[in-house]
C-alpha cells in the first residue's frame, strides 16, 4: 500500500526540529512525504551572515532544501506568507491553500503543530495549527471551497507535542504554558542523530542551540510525541503506530 504523509509548518527548521523523526520513519517505510512551509523565515531573530531580509529568506530556503535531502522528503513547497505575521493574514485564504494541497497530494496522514505554538509558543505555529485543522476537515467536503479541487478525506490528523517550552525573554512561560499532550510516542534511536544532522543544515539558526541549551535539544531529539487530533470515522483511536488503522485509498 502506498502511504502518503503531509507535514505543514511555518518556518524552515520546523520540519527538522519538530517533525524530523516522523519524516525519517515514514521515508524509511517507503512512504511519500510532503512538506508545506508557510514562510521562508525572514523575520528570524538569528540571521547568520544575511545582510537583509531577502538574503535571509534565500539562505533559509537553501537550508531547508538541504535538510529535506537528509530527511528524505519527497516534495517540499515554501509559500510566500510573511514570517511573524501569519495571525494577520486572511484565514480562509490560508485554509484554501492547504485544502488544495491535501486534495492534490492526497495524504492519508497530516502532521502539524498543536495550537499551543510548540516549543517557543510561536504565534505563527498556532496559526498553522488552526489553518491545517480546518483544512483537514474541509478538504473532505465537496461543497467547501470547490474551486480548490475534488474532495479528499485524509484519515488522520496529528498535533506535535513539544518536548519542552523555551520562549526568548519570557522564562516565566516555561512552567505555566498549557501544552499539547500525546497519544503516540516515536522512539527514534539512531535516527535521532539523523534528525540532528537535518537540523544542522539550518546553519543560520544554530545559535538557537546555545539559547535553548544543546543538552535540552539533544534530549528532545530522542523521541517525538503526537496527539491524534482527528481520524476518519467514529470510534476509539488506533495508536500502535502512526499508520495503524490507515486503509488503502
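Bear in mind that the values in this text are calculations on the coordinates, not laboratory data. These numbers were taken from a predicted model, which means no experiment stands behind them. Cβ placement follows ideal geometry from the backbone for every residue including glycine, while neighbour counts extend to all protein chains displayed.
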Neighbour-count order for 88, 147, 100, fewest beta carbons within 10 angstrom listed first: 147, 88, 100
Share antiparallel - DSSP beta bridges, the chain, percent rounded to 5: 35 percent
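Order by neighbour count: 53, 14, fewest other Cβ atoms within 10 Å first, most last.
53, 14
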Cα long-axis angle, helix 14-28 against the chain (0 to 90 degrees, to the nearest 10): 50 degrees
Centroid-to-centroid separation of segment 155-217 and segment 78-135 [C-alpha atoms, Å]: 18 Å
On Cα atoms only, tilt of 123-138 relative to the major axis of the chain in degrees: 10 degrees
Ordering of 193-204, 171-182 by packing [mean C-beta count within 10 Å, highest first]: 193-204, 171-182
Helix 91-105 axis, angle to the chain major axis (alpha carbon atoms, nearest 10°): 70 degrees
Calculated [θ] (222 nm, deg cm²/dmol) that DSSP helices of n ≥ 4 give over the chain, each run adding -39,500 (n - 2.57): -11500 deg cm²/dmol
